[in-house]
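First comes the structure, then the notes that go with it.
The values are calculated or read from the model by the stated rules, or taken from the named source; none is laboratory data. None of these values were measured; they are calculated from a predicted model. Please note: Cβ atoms are built from the backbone with ideal geometry, for glycine as well, and neighbour counts cover all protein chains shown. SASA here: full protein model, heavy atoms, side chains in, ligands and nucleic acids out. Shrake-Rupley method; radii C 1.70, N 1.55, O 1.52, S 1.80 Å.
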Amino acid sequence: MSDQTHSLSHQSNDGHKPSKAAGAHSLAEILSQPDVWKACLAKLHQSKGLERVRDRFGNSSGWLLIGCGSSFYVAQAAAATISSLTKRPAQAIPASEILLYPELVLAMAKDWVPVLISRSGRTSEVLQAAELLASRNLPTLAITCTPNQPLEKKAALTICLSPADEQSMVMTRSFTSMLLTLQALAALLAGDTGFAGSLADLPGASQATLAELPRRIRQFVQAHSFADYVCLGQGPFYGLACEYALKLTEMSLCYAQSFHTLEFRHGPKAIVNSKTLLVFLLSERGYEAECELLTEMKSLGAPILAVANQADGRVREAANLVVELSLDVPELARLAPALWAGQLLGLYTGLDKGLDPDAPRNLSRVVTLEHDTPSLTA
Ligand code: F1P
């Protein structure tokens, strides 16, 4: 990235190896998304990876998407896309839920294809979930970004998106790349070539939006001082709202919550004050109802960041910052770029606090547990 304003890395003054500035990996990984998506889609096309999944699992009655942390939120957004496009049920579940309450999960999803989503392919709970499913003769599909990891050996079929792997602890491009891949799978299963074409167009179509976003979000962060954050989304945007809150929590150690947008009236709105930023991920289907809430919260004194494909006068007037994607693709195909504002909000808020968003305290890239989850071994 040649643009100086986007660059965080610097040369050390002793002329040796360039030292890494705080957040440099995350920023580079965020900005690389369109190129990485293109590389992943090209790899999938070449390897016929999605066709292999369709041939093996295409007749199943539903899809159970499993992950931890960000990968669980990938599962949520992907499940919304799969059920909308294929008209078959799809449900997201954290890996721990299958381990602790298998009967609750599998009662619903007995004949569904389990999809294990894990950037690292090493997260203990995901590996244990793979073992539990295998012990019940349920073959699994794995989506990962790291080749030759234990998950691959436990799954019946694996899609590995190596161009999307990251150096940072927090997931940014791996999130959107795994989401796009599952969306491309949904398009293939549904025979929706138009939607598949929209995903293929996305890297080129969204470049311009990404190019101006870092400067706008950084200025917004520097001009304000928020104490808390609330991220709101409905339908396919709910998983994204959860990921916005997680990015803020991980990268800036802030308190961030997520809710279904209209749930915010039912109690959580008590938190509204001039120091709590409300982030609205506005949908097309819910636009009117979501706008009503947005203007209502503005009248209570909430600062607002609105993310929409196109915003109208009401939103422009009420919001402190409006991020418009202006993409001529179906709403579900815009989920990945709709995440960028949240990734950058987390990054610049962390930097503003003097933190290194690449390596948040208490976190590791992978959660590996020494012992199996007790109920599995009981
Ligand atoms: C997912 C995850 C991340 C989180 C943290 C630990 O792991 O929970 O979402 O940011 O770094 O790992 P994975 O199973 O996708 O590798």
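Placing unit charges on the Cβ atoms of the charged side chains and taking the dipole of the chain about its Cα centre, the candidate lying farthest along the positive direction among SER364, ASN148, ASN273 is ASN148.
Across all directions, the average flat footprint of the convex hull enclosing the Cα atoms of region 51-125 is 5.1 nm².
Taking each residue as 0.36 nm, the span from ARG316 to ASN362 lengthens on full extension beyond its C-alpha to C-alpha distance by 12.7 nm. Put CYS291, CYS160 in order of accessible area, highest first, and with a 1.4 Å probe you get CYS160, CYS291.
With the whole protein complex present, MET251 retains an accessible surface near 0 Å², based on a 1.4 Å probe.
Rolling a 1.4 Å probe over the protein chains gives GLU292 an accessible area of about 110 Å². In terms of packing, defined here as the mean over residues of other Cβ atoms within 10 angstrom, the peptides 184-192, 240-248 line up highest first as 240-248, 184-192. With θ taken as phi - 60° and the Karplus curve 6.51 cos²θ - 1.76 cosθ + 1.60 applied, the whole-hertz 3J(HN,Hα) list for region 287-300 is 3, 4, 5, 5, 5, 4, 5, 4, 5, 4, 6, 4, 5, 8 Hz, x standing for glycine and proline.
State the antiparallel share, in %, of DSSP beta bridges confined to the chain, rounding to the nearest 5. Close to 5 percent. Its relative contact order, with pairs defined as Cα atoms under 8 Å and 6+ residues apart, puts the chain at 19 percent. Treat each spin label as a single point 7 Å out from the Cα along the C-beta direction, and report the SER60 to ALA223 distance in nm. Between SER60 and ALA223, the label points sit 4.7 nm apart. Taking N as the residue count of the chain, its C-alpha radius of gyration divided by 2.2 N^0.38 Å amounts to 0.97.
Angle of helix 124-135 to the longest C-alpha principal axis of the chain, folded into 0 to 90 degrees and rounded to 10: 30°.
Residues whose amide H lies under 5 Å from that of GLN257, counting only those 5 or more places away or on a different chain, are TYR229, VAL230, CYS231; hydrogens are built 1.01 Å from N in the peptide plane.
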